[in-house]
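Only one structure is covered here, and it is reproduced in the block below.
The values are calculated or read from the model by the stated rules, or taken from the named source; none is laboratory data. Since we're looking at a predicted model, the values are computed, not measured. Cβ coordinates were reconstructed from backbone atoms using ideal geometry, including for glycine residues, and neighbour counts include every protein chain displayed. When the accessible area is computed, the model is the full protein with side chains, heavy atoms only, and any ligands, DNA or RNA have been set aside. Shrake-Rupley method; radii C 1.70, N 1.55, O 1.52, S 1.80 Å.
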Amino acid sequence: MARSKPTRRTTIVVALVTVVVAVGAGVAVLTLRGGGADAATSAPPALTTTKVTRTDLSDSRSLDGTLGFGPERVVKGTGEGIVTRLPTVGDTVARGKPLYWVDDRPVPVLFGDTPLFRSLDKPGLVGSDVLIVRDNLKALGYATGTQPTRAKDGTRIGPGRALLTDQLVAAIKKWQQALDLKPTGRIEVGQAVVLPGAVRVSAVRAVPGDPVGGELVAVTEKTKLVTVAVESTEVGTVRVGAAVTVTLPDSSEIPGRVASISHTVQGGGPDAGAGQSGPPKVDVLVTPVKAADVAKLDAAAVQVTFTTSARRNVLAVPVGALVALREGGHALQLPDGGLLAVQTGMFSRGLVEVSGDGVTEGLTVVTAA
């Protein structure tokens, strides 16, 4: 039978179906293309890696300090007489030179840690005060003779002591002559003052006409230094002679060294004053390596950086390279995804010391970006 001729309505329906199919195909293509873009976006990012390096690590801390001439030491006169002359603030006094005058006679400085507590007036005396005189006169260039091991009465002359011999008495007379004093060969109490070393006069406490038995002057170190108050529980990490860095008020940094550590603890007790609140502290004195670095400063607030511990020539990675293990401890991740267990050591300035089997210098590991 012959096919019937399509009507106009049938043609319109077919056309609509064709359009719908075409649009659906276009949507399908767009959907496929969109899926490709999402897949590229969700791809894992490139790994950030670093290498295990060999380096030095150190732990440090900065504390406030005060630049000046250090703590004052008050010098008291002894004996009898009237003070007739005093130094001025800023004067420096060396070994063998007068610090003040009593009854118009100079009172020279000797270096040491034992005061002259008795009259050294006859040969045969043995003691630490005799050693102070002998060592100082020898340092000043006077011939003091040899020292026997025993006194005439058999007394043993041990370390830290000396015998007042005829040769030493002769040296005392020559020294007295050089000071324009009567060469008696005797040194009475108050005729010399013993100080730890060369000093700078920081204050004058008396005036001419005062009795000698009282506070006369205050002295400090001759060179500038920095005083740092360190908590007594932490001062054990500081060592005399250790290198430090001093930051000056203009933010410049200069090298320094720990000169001494006080044995006196300040503050912290029930009787601590208002200016000594907080934990007990100990004064640490730091000297600049080059005096010229602080020549233009008389006093200033500074900061001192101490190296409290150090590790030399160790393997280290950035802290971000550490992976915490579920079972405890840490590991390093290798670029292929494997984990290498490590032991950690010192942490310092974003680096951490690592060690363990397979940990070698130059090893490439994954780290946080």
Modelling each spin label as a point 7 Å along the Cα-to-Cβ direction, I'd like the Ala259/Thr305 distance in nm, to one decimal. 2.3
Probe 1.4 Å, heavy atoms of protein chains only: per residue, the accessible area of the stretch 69-116 in Å² is 53
Kirkwood hydrodynamic radius, computed over distinct alpha-carbon pairs, for the stretch 242-369: how many Å, to one decimal? 19.0
30 Å Cα-Cα reach of Lys173 towards lysines, excluding residues that sit fewer than 8 places from it in its own chain: Lys76, Lys97, Lys122, Lys138, Lys152, Lys182, Lys222
Theoretical FRET efficiency, 1/(1+(r/R0)^6), r = Cβ-Cβ of Arg150 and Phe117, R0 22 Å, to 0.05: 0.45
Taking only the alpha-carbon positions of the stretch 306-369 as identical scatterers, the Debye log10 I(q)/I(0) at q = 0.14, 0.18 Å⁻¹ comes out as -0.39, -0.63
Provide the FRET efficiency to the nearest 0.05 for the Ser60-Glu327 pair, computing r from the beta carbons and using R0 = 30 Å. 0.35
Roughly how far apart, in whole Å, are the Cα centres of the stretch 247-268 and the stretch 209-244? 10
Tell me, what HN-Hα J-couplings in whole Hz come from the Karplus equation 6.51 cos²θ - 1.76 cosθ + 1.60 at θ = phi - 60° for each residue of the stretch 188-201, using x for Gly and Pro? 8, 4, x, 8, 8, 10, 9, 10, x, x, 4, 10, 10, 6
Of all the accessible heavy-atom surface of the stretch 214-369, with the other protein chains kept in place and a 1.4 Å probe, what percent is carbon and sulfur? 51
Using alpha-carbon positions, what is the distance between the centroids of the stretch 144-208 and the stretch 112-141, in Å? 4
Can you check what the net charge comes to around Ala310, using other residues whose Cβ is under 9 Å from the Cβ of Ala310 (Lys, Arg +1; Asp, Glu -1)? 0
Apply 1/(1 + (r/R0)^6) to the Cβ-Cβ distance of Thr49 and Met346, taking R0 = 25 Å, and write down the FRET efficiency to the nearest 0.05. 0.65
Amide H contacts of Ala218 (H built 1.01 Å from N, under 5 Å, at least 5 apart or other chain): Val75, Ser202, Ala203, Val204, Arg205
